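Input: a single structure, listed below in structure tokens.
The values are calculated or read from the model by the stated rules, or taken from the named source; none is laboratory data. Because the structure is a prediction, the values reported are computed rather than measured. Glycine gets a Cβ as well: all are built from the backbone with ideal geometry, and neighbour counts include every protein chain shown.
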Amino acid sequence: MTQITHESIEKALDKIDNLSDDALDNLIETYTLSQQDLVDYIMQAGAEYENEDLNIYGIYYFAIIYEAFLQQGLTPRRITEADVDEFQEPFLEALDAIHQKENHEPLQELISQFNLQEFMVAEIEAKDEDGEELTEETKTQLFIVSAAIIGLLNEAVS
């Protein structure tokens, strides 16, 4: 299992953050077309949580995470609804282990991308350039969505 390196994450972040709004929209559209079922899953989470901010952050971090895989030289195969469905049960069990026992090991084993997980935790906890933080609710939801993105993309390159 190839780990996404800090260097690949930094390259991805640099690329995404230095695109014009139009170029970013075009890149996200390209990535969405290649991973439509995954993007639908991300957008469904925002609808279920009734959190529009989650959709915005989810798509932004999807682009960074997907780009990090590409920077690492890994091209994930197309994720299907069946992949998402198959991922759900072990993913929910791993989240339950965190909630009930504060045990992060099952999620770490399922996701298997420590550097990306670490990056996302740091991003979720960080203040933005205006000194604003995400709400606790959005932090939790973004953690869940980003962990699923990482895990599904990781399985798609295995």
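So is A97 out of contact with any Asp or Glu (no Cβ under 8 Å at 6 or more places or on another chain) and either of a type in the set (A, V, I, L, M, F, W, C) or at pLDDT 95 or above (or both) or not?
Here the answer is no, as A97 does not meet what is asked.
Residue-by-condition table, conditions (1) over 16 Å from the mean Cα position of the chain (by Cα); (2) of a type in the set (S, T, N, Q); (3) under 24 Å from N26 (Cα atoms):
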{"residue": "G73", "(1), (2), (3)": "yes, no, yes"}
{"residue": "F87", "(1), (2), (3)": "no, no, no"}
{"residue": "E93", "(1), (2), (3)": "yes, no, no"}
{"residue": "E102", "(1), (2), (3)": "yes, no, no"}
{"residue": "T140", "(1), (2), (3)": "no, yes, no"}
{"residue": "F143", "(1), (2), (3)": "no, no, no"}
{"residue": "S158", "(1), (2), (3)": "yes, yes, no"}
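Can you confirm whether the stretch 53-66 contains a residue that is part of a helix (DSSP H, G or I), over 23 Å from S112 (Cα atoms), free of Cβ contacts under 8 Å to residues at least 40 places away in the same chain and of a type outside the set (A, V, I, L, M)?
yes
Criterion first (out of contact with any Gly (no Cβ under 7 Å at 6 or more places or on another chain), β-branched (V, I, T) and assigned to a helix (DSSP H, G or I)) does T75 satisfy it?
No, not satisfied.
Could you tell me which of the residues I28, I65, I16 is hydrophobic (A, V, I, L, M, F, W, C) and within 13 Å of the chain's Cα centre (by Cα)?
I65
Please work out which one of (1) free of Cβ contacts under 8 Å to residues at least 40 places away in the same chain; (2) surrounded by fewer than 13 Cβ atoms within 10 Å (Cβ to Cβ); (3) within 15 Å of N115 (Cα to Cα); (4) not β-branched (V, I, T) is the condition E29 fails and give its number.
Looking at each condition in turn, E29 falls short on (3).
Pull out all pairs, ordered by first then second residue, where Cβ-Cβ is under 7 Å, the residues are six or more apart or on different chains, the first lies in the stretch 100-111 and is free of Cβ contacts under 8 Å to residues at least 12 places away in the same chain, and the second is of a type in the set (G, A, S) and surrounded by 13 or more Cβ atoms within 10 Å (Cβ to Cβ).
As it stands, the answer is N103/A97, since those pairs meet every condition given.
Quick one: is D14 more than 22 Å from E137 (Cα to Cα), modelled with pLDDT under 95 and either surrounded by fewer than 14 Cβ atoms within 10 Å (Cβ to Cβ) or out of contact with any helix residue (DSSP H, G or I) (no Cβ under 9 Å at 6 or more places or on another chain) (or both)?
Answer is no for this residue.
This table checks each residue for (1) on the phi < 0 side of the Ramachandran plot; (2) outside any helix (DSSP H, G or I); (3) of a type in the set (F, W, Y); (4) out of contact with any His (no Cβ under 7 Å at 6 or more places or on another chain).
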{"position": "T2", "(1), (2), (3), (4)": "yes, yes, no, yes"}
{"position": "S8", "(1), (2), (3), (4)": "yes, no, no, yes"}
{"position": "I16", "(1), (2), (3), (4)": "yes, no, no, yes"}
{"position": "D22", "(1), (2), (3), (4)": "yes, no, no, yes"}
{"position": "Y41", "(1), (2), (3), (4)": "yes, no, yes, yes"}
{"position": "G46", "(1), (2), (3), (4)": "yes, no, no, yes"}
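Taking T80, is it modelled with pLDDT under 95 and either aromatic (F, W, Y) or farther than 23 Å from I9 by Cβ (or both)?
no
Among the helices (runs of 4 or more DSSP H) contained in the stretch 79-158, which hold 3 or more residues that are crowded, with 18+ Cβ neighbours inside 10 Å and among the aliphatic types (A, V, I, L, M)?
Output list reads 105-111, 114-125, 136-155.
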